[in-house]
Structures are given as structure tokens and as C-alpha cells.
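Everything below concerns the one structure shown next.
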Amino acid sequence: MRPGGRIRAVLETQIDRSQAKPALYRDLAASLEALLAAETDALANLANAGALLAQALDRINWCGFYLLRGGKLVLGPFQGKAACVRITLGRGVCGTAAARRETLVVPDVHAFPGHIACDAASRSEIVVPILEDGRLRGVLDVDAPEAARFDEEDRAGLEEFVRTLIPLVAWEAL
């Protein structure tokens with residue numbers, strides 16, 4: 001199949017949102033790999049990864065990437081309302097997850113000390129650090145307009161999504 005046909009097939013595939021989360025995230029990781037496998041442009045791959053998540057995950061209002069540049073997280077490809085451009089490591093949910101190098105699941109962002117409110121509608125958030133061979137490259141950030149939207153199954157699924165993404169992006173090119 002030609003690359004354009006492969007991409008079209010992946011994008012036209014409807015991800016069954018009614019399936020159990022582990023199956024949904026397995027399908028997402030497989031779709032991500034199929035979508036990005038033949039593309040070498042790092043920015044395009046991050047943009048399509050964010051679009052795939054936005055298409056597949058229900059009850060979210062923002063998803064995208066912040067990339068580590070000059071010691072700060074800088075807004076990368078995303079789906080949703082305009083967002084904060086620069087985040088200091090250790091500040092807000094994204095900066096804290098990056099500094100700790102661990103996934104944060106925040107059921108109520110208003111209760112998180114130092115939360116940075118880019119979209120007033122966001123109530124809960126999950127942030128997964130992107131670590132390539134131990135090197136912090138950025139974070140995947142997903143927000144939802146309802147409290148407690150994310151759970152341990154989302155954590156496991158999004159961490160697997162990021163593990164699938166890492167070798168498919170030429171991080172040095174960003």
C-alpha cells in the first residue's frame with residue numbers, strides 16, 4: 001500500500017470508544033505505529049499523534065505535547081484551545097511531571113498547587129513525561145472538562161502510547 005493510502009486507511013478507521021480501556025489503548029498504540037511508521041518528519045509525527053488521541057479519547061478538551069527547549073517546556077503540536085507557550089520545570093502539572101520524570105494523574109486541577117489554568121474548562125489532567133534513553137524530551141498532556149476523568153488504566157495506556165511514540169520521532173530534529 002502506498003504511504004498516502006496507509007495513512008488514509010488509519011485515519012478513516014473508527015476507533016471503538018465503547019471497548020474496555022486496555023483494548024482501546026492497545027488499538028491506539030497499533031494505529032499510532034501504522035500511522036507514523038513511514039514518516040520521518042518529527043513535527044508531523046507529533047501532530048498526527050496528537051490528532052489520533054483527540055479522535056480516539058472521549059470526554060477530553062485538550063491534548064498535545066510540550067517539548068523541552070532551553071530548560072523549559074515549550075508548546076508543541078496540540079488539539080484544543082490556544083495554550084500556554086512556556087512552562088518552567090517544576091511548575092504546574094506539566095512542569096512537575098517533567099521535573100519528577102513521572103506520570104501525574106490529577107483528578108482535580110483546582111486542588112493541584114501551582115496549577116496553570118490555560119483552559120478554564122479543564123477539571124482533570126494527566127501528564128506523561130517523554131523519556132528517550134533516560135533523556136527528557138517533553139511531556140504528553142491531556143486535559144478533561146470533568147473531574148476524575150483519568151484513572152490507572154489511562155495512565156498505563158498513555159504511558160504505552162508514549163513508549164510506542166518515542167522511537168517513531170526524530171527527537172534531535174525538533
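Annotations
- Of the residues making up segment 82-115, those that are of a type outside the set (D, E, K, R), surrounded by fewer than 19 Cβ atoms within 10 Å (Cβ to Cβ) and either over 25 Å from Ala51 (Cβ atoms) or touching a Pro at 6+ places or on another chain (Cβ under 8 Å) (or both) are Thr88, Leu89, Gly90, Ala99, Pro107, His110, Ala111, Phe112, Pro113, Gly114, His115.
- Residue within segment 157-173 that is at pLDDT 95 or above, surrounded by fewer than 19 Cβ atoms within 10 Å (Cβ to Cβ) and part of a strand (DSSP E or B) present: no
- Residues of segment 93-115 classified as within 15 Å of Leu73 (Cβ to Cβ) and assigned to a strand (DSSP E or B), total: 1
- Only a single criterion out of (1) at pLDDT 95 or above; (2) assigned to a loop (DSSP other than H, G, I, E, B); (3) buried (at least 17 other Cβ atoms within 10 Å of the Cβ); (4) not aliphatic (A, V, I, L, M) is not satisfied by Cys118, namely (1).
- The listed residues are Thr88, Thr40, Thr96, Thr103, and the only one of them that is within 17 Å of Ala144 (Cα to Cα) and of a type in the set (S, T, N, Q) turns out to be Thr103.
- Unmet requirement for Gln79, which otherwise passes all of (1) assigned to a helix (DSSP H, G or I); (2) surrounded by 13 or more Cβ atoms within 10 Å (Cβ to Cβ); (3) of a type outside the set (A, V, I, L, M): (1)
The values are calculated or read from the model by the stated rules, or taken from the named source; none is laboratory data. Here the structure is a predicted model, which is why all the values come from computation and not from measurement. Neighbour counts are summed over all protein chains in view; Cβ atoms, including those assigned to glycine, are modelled from backbone coordinates with ideal geometry.
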